[in-house]
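The values are calculated or read from the model by the stated rules, or taken from the named source; none is laboratory data. Quantities reported herein were computed from a predicted structural model and do not represent experimental measurements. We place every Cβ from the backbone using ideal geometry, glycine too, and count neighbours over all the protein chains shown. Just the protein is used for accessible areas: all its heavy atoms, side chains included, with ligands, DNA and RNA removed. Shrake-Rupley method; radii C 1.70, N 1.55, O 1.52, S 1.80 Å.
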Amino acid sequence: MTTFNLRTLKLRSGEQFRDEQEIELEPLELGGQRYLPVPETVPGELAITRASTGTVFELSFHVRLHGPCFRCLEDAVLDLPISAREYHANVPEDDELRTPYVEDDKLDLSAWARDALALELPDKILCRADCAGLCPVCGKNLNDEPHDHGEPEPDSRWAALAELKDRL
Ligand SMILES: [Zn+2]
Ligand SMILES: [Zn+2]
């Protein structure tokens, strides 16, 4: 877990601190599947700006996620640029103006990065945009073996009945 110590940071109003931070990323659970950031540690650009009423935190980094495709379960790779912004008021009156990632003068970069990443994820993680998925009948991968099983044979008795119905 990566945290940034804010205690040593002495910023006056209007001043900004900017630095590259190595951020440890956690694996992500999504739809019962596990997605791993590769590599697990990425360089992030952290900017902290002191305003008169609070502090603005900005973070940006790139992440590459590996995990199963939603449709065919083969390995899918996702590259995402992430940028996030948080505000932390000096006066702890309004919880909405306090970022949850600051506690005891520490900024929890890993937790913030995890949540920011979760917000940027697409609805479906696919191995490719036109992934054909698995055959609903036999379960084979339709990307490797495109096929269909045709219409099921209609029962002849029902066919006769349908014919009778058409004539009525
Ligand atoms: Zn797929
Ligand atoms: Zn099939």
**Complete:** the chain accessible area per residue, 1.4 Å probe, protein heavy atoms, integer Å², reads 67 Å²
**Request:** Taking the Cβ of Val42 as the centre, find all other residues whose Cβ is under 10 Å away and add up their charges (Lys, Arg: +1; Asp, Glu: -1).
**Result:** -2
**Prompt:** How far is helix 156-167 tilted off the main Cα axis of the chain, in degrees rounded to 10, range 0 to 90?
**Reply:** 80 degrees
**Message:** In Å, what Kirkwood hydrodynamic radius results for the chain from the alpha-carbon pair distances?
**Reply:** 19.9 Å
**Request:** Find out how many positive minus negative residues lie around His62, taking Lys and Arg as positive, Asp and Glu as negative, among other residues whose Cβ is under 12 Å from that of His62.
**Result:** -2
**Request:** Calculate what fraction, in whole %, of the accessible area of the range 98-138 sits on carbon and sulfur atoms when a 1.4 Å probe is rolled over the protein chains.
**Result:** 46 percent
**Fill in**
Summed over the other residues with a beta carbon less than 10 angstrom from that of Ala84, with K and R at +1 and D and E at -1, the charge totals -3
**Request:** Pairs of Cα atoms under 8 Å, at least six residues apart: use those to get the relative contact order of the range 22-107, whole percent.
**Result:** 22 percent
**Complete:** For the range 1-96, listing GluC sites (Glu not before Pro) in a DSSP loop whose Cβ sees at most 15 other Cβ atoms within 10 Å gives Glu15, Glu40, Glu74, Glu93
